[in-house]
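Okay, structure first, notes after.
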Amino acid sequence: MKIAAFKMKLYPGNEAEYLKRHQEIWPKLANLLKENGVYDYSIFLDPETLDLFAIQKQLDHFDEVSLRADPIMKEWWAYMKDLMETNSDNSPVSVGLKEVFYLP
């Protein structure tokens, strides 16, 4: 098992729409994440900076390469690109975060 934490950036004025789209997460996307080893995933918003902080728990068989290449994932990225900073392939700009404390 692995825990990945990363941050992304929301464009101003998109807080409500970002929340709405995630409350209506596509079942096919949720299934894809689970099939590729993501078993627990949370995203938090800092309303002052519009930084999104994500925590993703991954099983040993987590397959980031397959996940990023999947048409469902690419469709989701295209759907979200108007709300947040993205790369040229529409994937969110994300910065990995270093764990500095853990209390089991």
Can you tell me which aspartates and glutamates have their Cα less than 20 Å from the Cα of residue 57? Leave out same-chain residues fewer than eight positions away.
35, 40, 70, 99
Please list, in chain and number order, the residues 5+ apart from residue 86 or on another chain whose amide H is under 5 Å from its amide H, with Hs placed from the backbone.
93
Burial ranking of peptide ranges 88-94, 98-104, 12-18, 23-29 (average Cβ count within 10 Å, highest at the top)
88-94, 12-18, 23-29, 98-104
So if we plug the beta-carbon distance of residue 85 and residue 57 into 1/(1 + (r/R0)^6) with R0 = 22 Å, what FRET efficiency do we get, rounded to 0.05?
0.35
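Could you pull out the pairs from 9/81; 20/81; 34/81 whose alpha carbons sit more than 19 Å apart here? Present the calculation step by step, with values, prior to reporting the outcome.
On the way: 9/81 11 Å; 20/81 15 Å; 34/81 22 Å.
Cα-Cα > 19 Å for 34/81; rest within.
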Suppose a student asked you for the relative contact order of the chain, using Cα pairs under 8 Å spaced at least 6 residues apart; what percent would you report?
40 percent
Residues of the stretch 39-82 with amide N under 19 Å of the 7 Å Cα→Cβ point at residue 99:
39-44, 53-64
Projected area averaged over all directions for the convex hull of the alpha carbon atoms of the chain, nm², comes out at 7.1 nm²
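Where a number appears in this text, it was derived from the coordinates with a stated rule and is not lab data. Fair warning: this is a prediction, and the values are worked out from it, not measured in the lab. Neighbour counts are summed over all protein chains in view; Cβ atoms, including those assigned to glycine, are modelled from backbone coordinates with ideal geometry.
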